[in-house]
Amino acid sequence: MGKKKYTVAVIGTGRIGFSLGFDKKREQPASHTMALKANRRVKIIAGCDSSSARLKEWGKYNKKAALFSDCAHLFAATKSDIVVVAVNEDSHLSASLAAIRSKPRLVILEKPVALNMEEGRRIQAEAFSLDVPVLVNHERRFSVDYKIAKKYMSRIGAVQTVNARLDSGLCVYNPEKEENGEYSLLHDGTHLVDIVQYLLEGVTAESVAAGAENPLLSGGKITSVFYDEEKPDVVRNLTVHYESQACSDVNLFFSGRSRYFGFEVEVIGTEGRFKIGNGIFEFYKREESRLYSGFYSLSPDKKVRRPKKTLYFSNMVKNAVAFLDGKEELRSTLQTGLNTLQVLEDIRNKLKSEL
């Protein structure tokens with residue numbers, strides 16, 4: 001007898017929900033729908049989107065699934081084990097609450113948890129009240145290359161410095177966009193903050209454990225801000241410095257002036273370092289120097305090899321299935337997602353106080 005298949009309803013059939021699965025340059029699967037379809041343990045039974053055009057296109061690739069234009073009709077007509085919420089940030093609260101109230105066995109919520117902590121706590125309260133677990137798709141927590149980096153943390157000695165950088169052309173913060181989340185601090189910065197916290201989880205005995213109700217990064221200090229020349233309340237560049245129990249020198253840099261997209265994290269220890277990010281995979285170890293007698297230097301660690309595939313989306317779905325099977329804990333929880341959102345909100349509040 002084969003293993004049980006879990007039924008899934010997908011809310012949001014846009015880019016991350018569906019269409020990124022056709023990007024030939026991305027590692028596939030690159031969307032919720034395509035990752036679900038690639039897993040034999042799940043069966044998509046319904047899709048929902050307010051856009052009839054997007055929903056129609058999604059339906060062509062999910063011909064046996066029922067189509068709905070709103071969540072109310074979806075949940076009135078179907079019952080699924082898993083509900084995926086892959087809508088825009090300004091719809092996270094309403095879609096998440098509706099999904100949780102349908103009482104599935106698991107909700108998969110696209111990052112960030114919500115537009116702000118007030119909405120995030122409402123989602124958390126509802127999930128707790130109805131005992132519905134939530135997996136937040138901070139995808140790098142599932143990615144093979146970042147899992148390698150996480151394991152390598154134990155080989156670089158005491159962590160001295162973390163430098164994390166996000167470069168894009170989207171403004172870092174715009175107070176006029178708070179209602180829809182269209183600024184990089186929230187939209188992509190959530191990945192940067194979350195992966196730094198992931199790497200630092202459990203680094204020292206005093207470190208906050210994964211899933212604890214506190215972010216590892218707190219009390220950050222803004223060290224530099226660059227505002228838009230034409231719109232002085234719009235932030236284009238931002239640097240924030242943190243001192244944590246896991247590392248006393250954590251630097252986050254956000255650029256909204258770059259004519260390219262870049263994402264990278266560098267961790268420097270007393271006995272080694274590594275840099276990882278989009279297209280970046282560098283690991284260095286301490287060994288006897290080839291240049292100076294009696295000295296040690298850092299050399300590329302050739303034993304660490306870049307994986308052919310990161311499996312970031314596939315592993316997320318596998319974790320969801322294994323969780324429902326009772327074999328694994330969720331690797332990216334609602335609490336870790338809220339911890340990241342709290343850091344972003346603290347930064348945003350500091351920026352607003354300076355405007």
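The values are calculated or read from the model by the stated rules, or taken from the named source; none is laboratory data. Because the structure is predicted, anything quoted here is derived from the model rather than measured. Every residue, glycine as well, gets a Cβ built from its backbone with ideal geometry; the counts of neighbours run over all protein chains shown. Accessible surface areas use protein heavy atoms only, side chains included; no ligands, DNA or RNA. Shrake-Rupley method; radii C 1.70, N 1.55, O 1.52, S 1.80 Å.
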Quiz item: Of the heavy-atom accessible surface of the chain (probe 1.4 angstrom), what whole percent is carbon and sulfur?
Solution: 48 percent
Exercise. Could you grab the Rg to Rh ratio for the chain? Cα atoms only, Kirkwood for Rh.
Key: 0.99
Quiz item: At what distance in angstrom do the alpha carbon centres of segment 102-121 and segment 254-296 lie from each other?
Solution: 34 Å
Exercise. Mind running the shape call on segment 244-355? Use the C-alpha gyration tensor, a ≥ b ≥ c as the square roots of the eigenvalues: rounded below 1.5 for a/c, prolate if a/b tops b/c, oblate otherwise.
Key: oblate
Exercise. Send over a whole-number figure in Å² for the accessible area per residue of segment 64-125, probe 1.4 Å.
Key: 42 Å²
Quiz item: From the square roots a ≥ b ≥ c of the eigenvalues of the alpha-carbon gyration tensor of segment 221-278, which class results: rounded (a/c under 1.5), prolate (a/b over b/c), or oblate?
Solution: oblate
Quiz prompt | Approximate spin-label separation Val144-Arg105, in nm, with each point projected 7 Å along Cα-to-Cβ | solution = 2.7 nm
Quiz item: Using a 1.4 angstrom probe and counting only protein chains, how large is the accessible area of Arg331 in Å², to 10?
Solution: 80 Å²
Practice problem: Can you bin segment 296-335 into rounded, prolate or oblate? Criterion: square roots of the alpha carbon gyration tensor eigenvalues sorted a ≥ b ≥ c, rounded for a/c under 1.5, prolate for a/b above b/c, oblate for the rest. | Solution: prolate
Quiz item: Taking N as the number of residues in segment 7-99, what is its alpha-carbon radius of gyration divided by 2.2 N^0.38 Å?
Solution: 0.99
Exercise. Nearest 5 is fine: what % of DSSP beta bridges in the chain come out antiparallel, could you say?
Key: 60 percent
Quiz item: Can you give the charge dipole size of segment 40-179 about its Cα centre, rounded to the nearest 20 debye, using +1 on the beta carbon of Lys and Arg and -1 on the beta carbon of Asp and Glu?
Solution: 1060 debye
Quiz item: In the chain, which helices (entire DSSP H runs) extend 27 Å or more along their own long axis, judged by Cα positions, while averaging at least -1.0 on the Kyte-Doolittle scale?
Solution: 334-354
Quiz item: lysines near Lys308 by alpha-carbon distance under 23 Å, same-chain residues fewer than 8 away left out - which ones?
Solution: Lys24, Lys25, Lys37, Lys147, Lys150, Lys151, Lys275, Lys285, Lys318
Quiz item: About its Cα centre, what dipole magnitude does segment 97-159 give when the only charges are +1 on Lys and Arg Cβ and -1 on Asp and Glu Cβ, stated in debye to the nearest 20?
Solution: 320 debye
Practice problem: Would you mind calculating the gained length between Glu230 and Arg259 on full extension (0.36 nm times residue separation, minus the Cα-Cα distance), in nm to one decimal? | Solution: 8.6 nm
Quiz prompt | Cβ-Cβ FRET estimate between Lys60 and Lys350, R0 fixed at 41 Å, reported to 0.05 | solution = 0.30
Exercise. Could you order Ser69, Ser51, Ser19 by accessible surface area, starting with the largest, using a probe radius of 1.4 Å?
Key: Ser69, Ser19, Ser51
Quiz item: Which cross-chain or sequence-distant (5 or more) residues have an amide H under 5 Å from the amide H of Gly272, H modelled 1.01 Å from N in plane?
Solution: none
Quiz item: How high is the FRET efficiency from Thr161 to Arg26, r the C-beta distance, R0 30 Å, rounded to 0.05?
Solution: 0.45
Practice problem: Run the dipole for segment 227-348 about the Cα centre, Lys and Arg Cβ at +1, Asp and Glu Cβ at -1, nothing else charged, and hand back the magnitude in debye, nearest 20. | Solution: 840 debye
Quiz item: In the chain, with Lys and Arg counted as +1 and Asp and Glu as -1 at Cβ, which of these residues, Leu186, Leu351, Ala86, has the Cα nearest the positive end of the dipole, that is, farthest along it?
Solution: Ala86
Quiz item: Where in segment 309-338 is the amide nitrogen less than 16 Å from a point lying 7 Å along the Cα-to-Cβ axis of Arg40?
Solution: 318, 321-322
Exercise. Mind grabbing the accessible area of Ser102 for me, 1.4 Å probe, Å², rounded to tens?
Key: 30 Å²
Quiz item: Tell me, what is the FRET efficiency for Asp70 and Ser293 to the nearest 0.05, using R0 = 51 angstrom and their Cβ-Cβ distance as r?
Solution: 0.10
Quiz item: Amide H to amide H, which residues 5 or more places from Ala66 or on other chains are under 5 Å from it, using H placed in the peptide plane?
Solution: Ala46, Gly47
Quiz prompt | Cβ-defined net charge surrounding Lys111, 12 Å radius [Lys, Arg +1; Asp, Glu -1] | solution = -3
Practice problem: For segment 301-344, report the accessible area per residue in Å² (1.4 Å probe, heavy atoms, rounded to an integer). | Solution: 50 Å²
